[in-house]
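Let me begin by presenting the structure, written as structure tokens, before commenting on it.
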Amino acid sequence: MRARSDEDTRLRVTVTGGEILGVHEGEIDSWRGIPYAAPPVGELRFRAPAPVVPWDGVRDASQLGAEAPQTLRRRLRGVPFSFATDEDCLTVNVQAPAGAEHPLPVMVFIHGGGYSQGSSREFSGQGQSFVLTQRAVYVSFNYRLGPLGYLDFTSYSTPERPIENNLGLRDQVAVLQWVRDNIAGFGGDPDNVTVFGESAGGNAVVALLATPAAEGLFARAIAQSAPPSAIYRPAITGVWAAEFVEILRGIVPSSAPDDDHDLLVGADVSDLLTACLTLQIRTPESYPGMFCLAPVIDGDFLPEHPMEAVRAGRAHRVPLIIGTNEREGSIFRGRVDILPRSSARIDALFARAPAASRTRMRQAYPGLPGRRAAADFSGDYGFWYPSIRVADYHSAFAPVHVYRFDFAPRLLKIAGLDATHGVEMFALFDRMDIPLARAITSLGGGESYAAAGERMREHWLDFAERGDVDAWPPYTQNARNTLIINDVDRVEEDPNRARRRAWNLFLPEFGQTVRQLPT
């Protein structure tokens with residue numbers, strides 16, 4: 001339990017593994033770098049998270065743990081390149097209001113980054129803006145990324161040295177189990193946990209809805225800018241694994257021709273990451289509309305596609321907030337552009353779609369495959385439309401609220417990016433001091449931007465407290481109420497109706513699987 005006898009012992013907490021000592025930081029008490037599983041190294045590489053290794057004495061919990069090894073390091077969210085990465089990365093952080101007198105709602109944040117980058121070191125991992133309200137205990141963590149967490153190497157498993165899949169997703173369940181077992185000692189309510197995440201973290205939230213092992217571990221969920229359809233079957237994840245091994249062989253040419261298993265379990269992390277980056281760049285061209293780093297429908301840990309589970313009512317029936325930004329696709333450019341933005345990728349999607357749907361889709365995106373139309377088409381394909389399908393399906397079994405973040409500072413409008421992917425994060429977490437946030441508000445709009453984020457944060461806290469929000473009515477199949485977050489918030493029913501109807505025809509596997517849905 002969390003001791004409170006004096007200033008020296010108040011931050012000492014007993015958790016799974018032993019005692020830890022946190023730090024008092026003004027109005028916030030913080031504990032960082034706490035192991036929630038054994039280091040996934042050596043014999044535990046490519047294995048499900050193992051129990052925490054106990055330690056002697058009191059463990060210092062003042063510093064964040066190492067980031068997961070990752071293919072691309074990013075500075076957009078205030079993280080310099082100098083911090084260490086390590087396979088020994090399975091750590092969790094807790095921040096709580098100092099002196100809280102009763103159990104508070106717990107908010108567990110899953111960072112984004114395409115399952116290939118990111119960490120709890122980013123500003124969203126700190127969560128001070130939520131904790132300073134005195135309304136929540138905030139939890140963030142690192143999980144395995146890239147080839148160590150999101151490629152399906154099970155076909156290379158052996159009886160002597162098994163290899164498991166969905167390792168990043170398993171890490172996320174392990175964190176939620178850790179929260180259930182330990183959060184009361186930090187002043188949190190283990191029966192009132194909200195899991196939320198953005199981008200890949202939003203994808204993780206949707207996957208957790210359909211993960212049997214996560215049942216009862218969270219009471220509500222928030223998926224921000226999730227790509228819910230980016231979860232694949234072994235028929236394709238096995239192909240990507242084979243392509244990865246082929247690439248890795250080109251990097252480590254001394255390997256014997258029949259030791260793929262030994263190559264994987266023994267390769268240097270740097271070689272694994274180099275091979276993964278090659279695969280990441282190649283996949284969107286070879287498999288338009290797909291991304292190789294994603295959960296796999298293994299029939300066991302993740303028995304079925306989450307969208308199918310949600311549609312059938314087999315997902316966890318918890319209240320859900322789900323939404324996207326107005327122009328998700330406008331920011332995706334450069335070396336690893338995962339969206340179907342190019343003419344060739346768009347043509348490939350049209351070739352797979354029913355012939356009768358193609359004219360309707362081109363009418364919905366005039367100018368396709370022009371730059372702006374392609375950005376909107378691809379962003380809606382990856383993020384908005386599948387999120388709307390999840391809302392449609394889940395609303396038949398649990399309360400759902402849908403939002404769209406439309407606010408864009410003037411500079412982003414001038415640049416043609418508008419309210420693009422990730423833009424809400426600086427405002428939601430009240431980190432207008434981050435260099436990029438200062439840059440995008442340099443031509444004005446900073447106060448309105450911050451105010452939009454504050455309103456959004458209040459909605460999230462209200463939801464975490466009671467599983468509902470007063471600010472806008474729920475979303476149902478018959479009343480698609482959507483909160484539009486902008487200079488002045490408003491509620492619209494079924495915004496982008498024409499585009500939604502076009503996608504219903506274009507992707508019948510999404511749009512026609514629930515016959516009672518109105519079109």
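The values are calculated or read from the model by the stated rules, or taken from the named source; none is laboratory data. Computed from a predicted structure; not experimentally measured. FYI the Cβ positions are ideal-geometry reconstructions off the backbone, even for glycines, and counts take in every protein chain you see.
Key figures for this structure:
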| item | result |
| --- | --- |
| Residue check for VAL423: in contact (Cβ under 8 Å) with a residue 24 or more places away in the chain, touching a His at 6+ places or on another chain (Cβ under 7 Å) and surrounded by 16 or more Cβ atoms within 10 Å (Cβ to Cβ) | no |
| Residue within the range 345-359 that is within 20 Å of PHE506 (Cα to Cα), in a loop (DSSP other than H, G, I, E, B) and of a type in the set (D, E, K, R) present | no |
| Condition check for ASP152: crowded, with 22+ Cβ neighbours inside 10 Å, modelled with pLDDT of 95 or more, of a type outside the set (Gly, Ala, Ser) and not assigned by TED's automatic domain parsing to the domain that holds ASP462 | yes |
| Verdict on GLN126 being within 26 Å of ALA464 (Cβ to Cβ) and modelled with pLDDT of 95 or more | no |
| Lone qualifier among THR482, THR441 - being closer than 19 Å to SER387 by Cα and either over 21 Å from the mean Cα position of the chain (by Cα) or hydroxyl-bearing (Ser, Thr, Tyr) (or both) | THR482 |
| Verdict on ALA364 being of a type in the set (A, V, I, L, M, F, W, C), buried (at least 19 other Cβ atoms within 10 Å of the Cβ), in contact with a Lys or Arg (Cβ under 6 Å, 6 or more places away or on another chain) and at pLDDT 95 or above | yes |
| Count of residues meeting criterion [over 18 Å from the mean Cα position of the chain (by Cα) and either closer than 22 Å to ALA200 by Cα or modelled with pLDDT of 95 or more (or both)] in the range 101-123 | 3 |
| Filter result for the condition that a residue is of a type in the set (D, E, K, R), in contact with an Asp or Glu (Cβ under 9 Å, 6 or more places away or on another chain), at pLDDT 95 or above and in the same structural domain as GLU509 (by TED's automatic domain parsing), over ARG314, ARG327 | ARG327 |
| Counted residues, the range 15-62 - those being farther than 24 Å from ARG135 by Cα and surrounded by 22 or more Cβ atoms within 10 Å (Cβ to Cβ) | 6 |
| Entirely in the range 210-321, the helices (runs of 4 or more DSSP H) that have 3 or more residues that are surrounded by 22 or more Cβ atoms within 10 Å (Cβ to Cβ) | 234-251, 269-286, 306-312 |
| Matching entry among ARG75, ARG47 (being over 20 Å from ILE28 (Cβ atoms), modelled with pLDDT under 95 and among the charged types (D, E, K, R)) | ARG75 |
| Residue pairs meeting the criteria (Cβ under 7 Å; at least 6 apart or on separate chains; first among the basic types (Lys, Arg) and surrounded by 11 or more Cβ atoms within 10 Å (Cβ to Cβ), in the range 63-85; second at pLDDT below 60 and part of a loop (DSSP other than H, G, I, E, B)) | ARG73/PHE81; ARG75/PHE81 |
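Here's the yes/no breakdown for (1) under 22 Å from VAL206 (Cβ atoms); (2) aromatic (Phe, Trp, Tyr); (3) under 14 Å from the mean Cα position of the chain (by Cα):
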site	(1), (2), (3)
PHE130	yes, yes, no
THR133	no, no, no
SER140	yes, no, yes
LEU151	yes, no, no
ILE163	no, no, no
ASP171	yes, no, yes
GLN177	yes, no, no
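Every residue, every condition in (1) in the same structural domain as ALA353 (by TED's automatic domain parsing); (2) modelled with pLDDT under 95; (3) loosely packed, with under 14 Cβ neighbours inside 10 Å, yes or no:
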residue	(1), (2), (3)
ARG455	yes, no, no
GLU465	yes, no, no
ALA471	yes, yes, no
PRO474	yes, no, no
THR482	yes, no, no
ASP487	yes, no, yes
ARG490	yes, no, yes
TRP503	yes, no, no
